[in-house]
Ligand code: SF4
Ligand code: SF4
């Protein structure tokens, strides 16, 4: 097993961790098998963001007597108070949820605690103004939270939290479909048809480098793009990437500590550990950099070069959450509805389509998202 260190605390995490969005497909016994396998392999990091409440209890039972062998990434702002997954950033809800995660897992500390899926300035303001951020800082000072961070999908929000000077850890979505932009300078008009290729998004690259400089480490979510990258028919690159290629890609980004791979059961984790036995050739993902935008016609890479939208829809995020939902990510639906505007607000003006370098049928996709979600 390979390990990486969080500089502020010395926390040593395995480069593969357990992401829990689909782990409800395992019952209590299968969860024990999953954790047994993780321990055998030296996988020591578990994320606590689950789509349903039951897996917390299963983890609690599976970790009995070996809590200290694992590092738990707990979530502040996740709740199941209505019986279903939702986010709640009120101080009272965050306290209840955090205490619950600690009690169920037999913990008196959190190795990592992240504010759960903070994606908008409104989310940020709720945490800052409602007392939740100060509550977490106090626990950090007392040593109960050993690394504090946020889970987010957006660079802007990550940068806002970096500015607090209190960040140790991010949970951030990273994969090639999220990282690449068209390579040419002018993102609009005819020029898009003659682009020389795709390039790493400068905003994202800067975020990764800032994290390196400041000692913040990133645990990756969505390394497979919600499964979209694993099949040629759904990948924006027109060919499938393998699981080891996706994981290698994410682990090669600066500041990345671990990939929290979404697992349903032990077998999914076994698949992920193929990373460590794959040959150099099997891990090579360099074909991505040679792809021309015209080869990616029709598939959204969430770059937002089609913006601004006259009614204020975040087109890239809308596509991203819709695609994740279609791939079976239940939590993505809630994130979709948390946006101030969504597909139902689309007036079908088509301006975005004239700007998109990848020929995405945005209007059609908005109608589909509206009908499905
Ligand atoms: S639709 Fe917008 S976000 Fe999607 S690929 Fe085209 S420009 Fe990028
Ligand atoms: S077609 Fe819809 S999503 Fe695109 S710019 Fe117009 S309103 Fe916005």
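Restricting attention to helices (runs of 4 or more DSSP H) lying wholly within region 251-292, give those where 3 or more residues are under 30 Å from residue 210 (Cβ atoms) and at pLDDT below 95. Reasoning before the result, please.
Details: elements: 266-272, 280-283, 287-290.
The helices (runs of 4 or more DSSP H) meeting that bar are 287-290.
Counting just the residues of region 289-314 that are over 25 Å from residue 239 (Cβ atoms) and in contact (Cβ under 8 Å) with a residue 40 or more places away in the chain, which one comes out nearest to ligand 1 (Cβ to nearest atom)?
Across region 289-314, the extreme among qualifying residues is 307.
Would region 4-14 turn up any residue that is over 13 Å from residue 111 (Cβ atoms) and touching a helix residue (DSSP H, G or I) at 6+ places or on another chain (Cβ under 8 Å)?
Within region 4-14, none of the residues are over 13 Å from residue 111 (Cβ atoms) and touching a helix residue (DSSP H, G or I) at 6+ places or on another chain (Cβ under 8 Å).
Given the condition within 10 Å of ligand 2 (Cβ to nearest atom) and surrounded by 14 or more Cβ atoms within 10 Å (Cβ to Cβ), answer yes or no: does some residue in region 289-307 qualify?
yes
If I go through region 40-62 residue by residue, how many of them are in contact with a helix residue (DSSP H, G or I) (Cβ under 7 Å, 6 or more places away or on another chain), part of a helix (DSSP H, G or I) and either farther than 23 Å from residue 169 by Cα or not assigned by TED's automatic domain parsing to the domain that holds residue 274 (or both)?
8
If the Cβ limit is 6 Å and pairs must be 6+ apart or interchain, which residue in region 357-373 that is on the phi > 0 side of the Ramachandran plot and within 13 Å of ligand 1 (Cβ to nearest atom) pairs with which residue that is outside any helix (DSSP H, G or I) and modelled with pLDDT under 90?
Pairs that qualify, where the first residue is on the phi > 0 side of the Ramachandran plot and within 13 Å of ligand 1 (Cβ to nearest atom) and the partner is outside any helix (DSSP H, G or I) and modelled with pLDDT under 90, are 359/297; 359/298.
Among the candidates 319, 335, single out the residue that is assigned to a helix (DSSP H, G or I), touching a residue at least 40 places away in the same chain (Cβ under 8 Å) and near ligand 1 (Cβ under 9 Å from one of its atoms).
Exactly one of 319, 335 is assigned to a helix (DSSP H, G or I), touching a residue at least 40 places away in the same chain (Cβ under 8 Å) and near ligand 1 (Cβ under 9 Å from one of its atoms), namely 319.
Here is a check on your reading of the model: is residue 344 on the phi > 0 side of the Ramachandran plot, surrounded by fewer than 17 Cβ atoms within 10 Å (Cβ to Cβ) and away from ligand 1 (no atom under 15 Å from the Cβ)?
The answer is no for residue 344.
Condition first: in a loop (DSSP other than H, G, I, E, B) and either surrounded by 24 or more Cβ atoms within 10 Å (Cβ to Cβ) or not assigned by TED's automatic domain parsing to the domain that holds residue 244 (or both). Now tell me which residues in region 214-223 satisfy that.
Passing the criteria: 216, 222, 223.
Does region 320-341 contain at least one residue that is within 10 Å of ligand 2 (Cβ to nearest atom) and in contact with a helix residue (DSSP H, G or I) (Cβ under 6 Å, 6 or more places away or on another chain)?
Scanning region 320-341 turns up no residue that is within 10 Å of ligand 2 (Cβ to nearest atom) and in contact with a helix residue (DSSP H, G or I) (Cβ under 6 Å, 6 or more places away or on another chain).
Collect the residues in region 347-363 that are assigned to a helix (DSSP H, G or I) and more than 10 Å from ligand 2 (Cβ to nearest atom), keeping them in residue-number order. Steps first, please.
Pass one, region 347-363, residues assigned to a helix (DSSP H, G or I): 351-355, 362-363.
Once the filter is applied, which keeps residues that are assigned to a helix (DSSP H, G or I) and more than 10 Å from ligand 2 (Cβ to nearest atom), region 347-363 yields nothing.
Can you find even one residue in region 365-372 that is more than 15 Å from ligand 2 (Cβ to nearest atom), at pLDDT 90 or above and either outside the structural domain of residue 43 (by TED's automatic domain parsing) or surrounded by fewer than 16 Cβ atoms within 10 Å (Cβ to Cβ) (or both)?
The answer is yes; a qualifying residue exists.
Could you tell me whether residue 344 is within 11 Å of ligand 2 (Cβ to nearest atom), closer than 30 Å to residue 124 by Cβ and part of a helix (DSSP H, G or I)? Step through it out loud before you land on a result.
On the way: within 11 Å of ligand 2 (Cβ to nearest atom): yes; closer than 30 Å to residue 124 by Cβ: yes; part of a helix (DSSP H, G or I): yes.
Criteria met by residue 344.
If only one of 277, 273 is farther than 30 Å from residue 52 by Cα and more than 16 Å from ligand 2 (Cβ to nearest atom), which one is it?
Being farther than 30 Å from residue 52 by Cα and more than 16 Å from ligand 2 (Cβ to nearest atom) holds for just one of 277, 273, which is 277.
The values are calculated or read from the model by the stated rules, or taken from the named source; none is laboratory data. Because the structure is predicted, anything quoted here is derived from the model rather than measured. Note that we place each Cβ from the backbone using ideal geometry, even for glycine, and neighbour counts take in every protein chain shown.
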